[in-house]
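**Student:** Right, I'll just put the structure down here and ask away after.
The values are calculated or read from the model by the stated rules, or taken from the named source; none is laboratory data. Small disclaimer: the values here were computed from a predicted structure and weren't measured. Neighbour counts run over all protein chains shown; Cβ positions are idealised from the backbone, glycine included. In case anyone asks, the SASA skips ligands and DNA or RNA and just uses the protein heavy atoms, side chains included. Shrake-Rupley method; radii C 1.70, N 1.55, O 1.52, S 1.80 Å.
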Amino acid sequence: MCGGARLWKLLLAALLLGSAVVPGLGGLFFLFINRSCHHFIGNDYLLLPASLSFAVAGLLILTGIIGLCVAVNQSHCQQGTFLYLVLILFGLEVTTGTLGYINSVQVVSTDLDSFNEIFRNYDGNDSTIESREVDRLQQKMQCCGVRNYTDWTQFPWSFQSGNDSVPHSCCARNFTSCTGSMEEPELLYTQGCLMRLQDELQWIFLFTLGWVIAVSCLQTLGALVICLWTDSDSAPYQLLNTDNS
């Protein structure tokens, strides 16, 4: 039974250590989206949950290592350190999960002002930041316009181009003959970039909420097993023979 308890403690501590990969990936997703779309949504919107995700990942690694030491050495000092780190992790995970839930709800009503302003300043010239960012966003997310491709009729670029067309970054990649004409919508990305970005952000925030719940459950189970069975492998007490005769 003692050997089985130690095996369970080692297994759960190893799972805690390995679970650090999930929040680490979540942080990378946040940074990836921030790098692609920070002109449209702002840095602070994604850097905070990214930082929290990396902090949770780092603490999970440290907690998993100490959990392995507790399972092997049966040290009460290490056990106390383990419990202290678990409490800190719970606080970070609750903060991260709450932020993920709030942002997943708010992202549906993202303000249109920043999008409209950048698209309004588009002039088709790669030398301007707005033009480069709009073209990169439309190509990367396979979208066109803010709400849909017809939005381009409301922006100055449509009048400057002198024809009823959209930028070439709206052309679907598998259509080499696309000229950007609105009369051929089957050759264009028709979905708006705002909706595509909202879907992307909502997915990553819900993913964050999911891993927080999963890791918290695993963490609770690991803490219970390691702490309740800490002394299960200890040698039983023996009565000293005080008979000097």
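**Student:** Please give the peptides 88-97, 15-24 ranked by average Cβ packing (other Cβ atoms within 10 Å per residue), highest first, as a rough proxy for protection.
**Tutor:** Those peptides, ordered most packed to least, come out 15-24, 88-97.
**Student:** With an 8 Å cut-off on Cα pairs and a minimum separation of 6 or more residues, tell me the relative contact order of the stretch 69-218 in percent.
**Tutor:** Result for the stretch 69-218 is 28 percent.
**Student:** What percentage of the solvent-accessible surface of the stretch 18-63, computed with a 1.4 Å probe over protein heavy atoms, is contributed by carbon and sulfur atoms?
**Tutor:** With neighbouring chains kept in place, the figure for the stretch 18-63 is 74 percent.
**Student:** When the accessible area of the stretch 137-201 is computed with all protein chains present and a 1.4 Å probe, what percentage of it is carbon and sulfur?
**Tutor:** Here carbon and sulfur together make up 46 percent of the probe-accessible area.
**Student:** Work out from phi, with θ = phi - 60° and the Karplus expression 6.51 cos²θ - 1.76 cosθ + 1.60, the ³J(HN,Hα) of each residue of the stretch 144-149, listed in order in whole Hz, and give x for Gly and Pro.
**Tutor:** After applying 6.51 cos²θ - 1.76 cosθ + 1.60, I find 8, x, 7, 8, 6, 5 Hz.
**Student:** Please compute the per residue accessible area over the stretch 154-222 with all protein chains in place, 1.4 Å probe, rounded to a whole number of Å².
**Tutor:** 52
**Student:** Would you be so kind as to identify which of 125, 157, 99 lies farthest towards the positive end of the dipole of the stretch 55-214, taking Lys and Arg as +1 and Asp and Glu as -1 on Cβ and the Cα centre as origin?
**Tutor:** The listed residue farthest towards the positive side: 99.
**Student:** Using only the Cα atoms of the stretch 139-194, each taken as one equal point scatterer with no solvent, compute I(q) by the Debye sum, divide by I(0), and report log10 of the ratio at q = 0.17, 0.30 Å⁻¹.
**Tutor:** Log10 of I(q)/I(0), two decimals: -0.44, -1.28.
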